[in-house]
1. May I ask you to list pairs of residues, at least six apart or on different chains, whose Cβ atoms are under 7 Å apart, with the first in the stretch 80-93 being farther than 11 Å from residue 117 by Cα and the second being surrounded by fewer than 17 Cβ atoms within 10 Å (Cβ to Cβ)?
2. For the list (1) modelled with pLDDT of 90 or more; (2) within 23 Å of residue 4 (Cα to Cα); (3) among the basic types (Lys, Arg), I need the number of the one condition that residue 54 fails.
3. For residue 49, indicate whether it is at pLDDT 85 or above and surrounded by 11 or more Cβ atoms within 10 Å (Cβ to Cβ).
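The values are calculated or read from the model by the stated rules, or taken from the named source; none is laboratory data. Remember, predicted model here, so these are calculated numbers, not experimental data. Glycine also receives a Cβ, built like all others from the backbone with ideal geometry; neighbour counts cover every protein chain displayed.
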Amino acid sequence: MDYATKEATIALAIEDLTKQAVPNLASTAARFQLDHMTLTRRFKHTTQSQRVARSESQQCLSLAQEEALISYITSLTERSMPPTSQIVQNLAEEIRGKPVNKNWVAGFTRRYQDRILGVHLRTIDNKRVKADNPLGLEAFYKLVCIYILFY
């Protein structure tokens, strides 16, 4: 079972437990095919999901701050002003109150690539950058002109 599926199953099991008059942790864990202790700890709020724990200890922004940033990026994109990576970095630093890591924006966009629609946040592949130099394009079109004149 992948991480997202497991988290969704735990959420459903906890929802089921809250609806029960007397929570039966063992039978609920068996019905949802979960570890009894994992469900018990989550239900009693002694532990949390890996994503929430990582958010609080390692990430620069909390999940709530990241959600606010995503909604702002989405609103800018809907107004036809998609932000660049530098703008996102500036917004994150403003929210956080101190600088973020130089690679933070890339990790943020990778984590939320299914929710962020900003075109300017995706970097151009290095091979495309090298291929788009003016000297190479000029040489290509000179060869095309020679080919057209010759044939």
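1. Pairs that qualify, where the first residue is farther than 11 Å from residue 117 by Cα and the partner is surrounded by fewer than 17 Cβ atoms within 10 Å (Cβ to Cβ), are 84/120; 91/72; 93/99.
2. Evaluating residue 54 over (1) modelled with pLDDT of 90 or more; (2) within 23 Å of residue 4 (Cα to Cα); (3) among the basic types (Lys, Arg) leaves (1) as the failure.
3. Answer is no for this residue.
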